[in-house]
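Participant: I have a structure here, written as structure tokens, and I will follow up with some questions on it.
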Amino acid sequence: MARIRTIKPEFFTDSKTGHLSGPATRLFLGMLNHADDCGVLRLNYAELRAKILPYEEPEPGEDCPTLRIVAVPLFELLKLGLVQLFTYRAEDEDVGKLYLFIVHFLRHQRISHPGEPLIKGMQHGETPDEFAHRTGADQLEPCTLPPSPSERPPKRSRTFQSVPEDSRRKGREGRGGEGTGSARRRKRALNRSPLFRLEIRNTACQRSARPR
């Protein structure tokens, strides 16, 4: 459930948050609204896009716009240390789930009546590290920073004239339903990141459920 949060004027002049891109700023502010009273929320790309960035349009020929729309600004927040990524497995779960923790959440938010935490047993004001240390929870593990989802393989410096005729013909014939070259490169770069492979099943399930 979304909550009303406080945004201080210093947010816009801070050395970190003041230099965020537009999508990263909207994502971070929206995460404040949708995090629990400990500053924790589930990492689900489809939900974050629907709740925070619903009007971001996909690029032409893009197969997985949700990954780019959410993952690129999320990586920006992770790289600056504004958000931490970790996995937690509840006692009744076989596989852990990905969570996000907003660093210094309680430094800027005043919570009078904290609600039920997203992670059972986590106390108000605790960080995930403090919770794991207090409870000895071996099912909580921090995640390392993944490669940037926007990184692309280096372009080869070769001219069209240096390509053999057979190769040029094959390249022209291969174009079609796969989309533009930039879209394919972006898709390959996204798929290389372990952060996105862990949650790619969410997007895959939604795509398979679309009417044909």
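Participant: Hey, can you tell me all the residues within the range 82-131 that are assigned to a helix (DSSP H, G or I), surrounded by fewer than 16 Cβ atoms within 10 Å (Cβ to Cβ) and touching a residue at least 24 places away in the same chain (Cβ under 8 Å)?
Facilitator: Within the range 82-131, just His108 meets the criteria.
Participant: Considering only residues that are assigned to a loop (DSSP other than H, G, I, E, B), touching a residue at least 40 places away in the same chain (Cβ under 8 Å) and either at positive phi or not small (Gly, Ala, Ser) (or both), which ones fall in the range 21-73? Spell out the reasoning first.
Facilitator: In the first step, residues of the range 21-73 are kept if they are assigned to a loop (DSSP other than H, G, I, E, B); the result is 21, 35-39, 43-44, 53-64.
When the remaining residues are screened for being touching a residue at least 40 places away in the same chain (Cβ under 8 Å), the result is 21, 35-39, 43-44, 59-64.
Within the range 21-73, Asp36, Asp37, Cys38, Gly39, Leu43, Asn44, Glu59, Pro60, Gly61, Glu62, Asp63, Cys64 meet the criteria.
Participant: Another question, then. For the list (1) β-branched (Val, Ile, Thr); (2) at pLDDT 90 or above; (3) touching a helix residue (DSSP H, G or I) at 6+ places or on another chain (Cβ under 9 Å), I need the number of the one condition that Thr66 fails.
Facilitator: Status for Thr66: all satisfied but (2).
Participant: Here's something else I'd like to know. Restricting the search to the range 45-68, which residues are crowded, with 16+ Cβ neighbours inside 10 Å and closer than 26 Å to Ile119 by Cα?
Facilitator: If the condition is that a residue be crowded, with 16+ Cβ neighbours inside 10 Å and closer than 26 Å to Ile119 by Cα, then Tyr45, Leu48, Arg49, Ile52, Leu53, Thr66, Leu67 are the ones that fit.
Participant: Can I ask one more? Identify the residue in the range 56-95 that is of a type in the set (Val, Ile, Thr) and farther than 17 Å from Leu29 by Cα and, among all such residues, is farthest from the chain's Cα centre (by Cα).
Facilitator: Taking the range 56-95 and keeping what is of a type in the set (Val, Ile, Thr), we get 66, 69-70, 72, 83, 87, 95.
Those still in the list that are farther than 17 Å from Leu29 by Cα too: 66, 87, 95.
Values: Thr66: 9, Thr87: 14, Val95: 19 Å.
Selected residue: Val95.
Participant: Surrounded by 16 or more Cβ atoms within 10 Å (Cβ to Cβ) and farther than 20 Å from Asp129 by Cα: is that true of Ala71 in this structure?
Facilitator: For Ala71, the condition - surrounded by 16 or more Cβ atoms within 10 Å (Cβ to Cβ) and farther than 20 Å from Asp129 by Cα - is met.
The values are calculated or read from the model by the stated rules, or taken from the named source; none is laboratory data. Quick caveat, the model's predicted, so the values are computed rather than measured. Every residue, glycine as well, gets a Cβ built from its backbone with ideal geometry; the counts of neighbours run over all protein chains shown.
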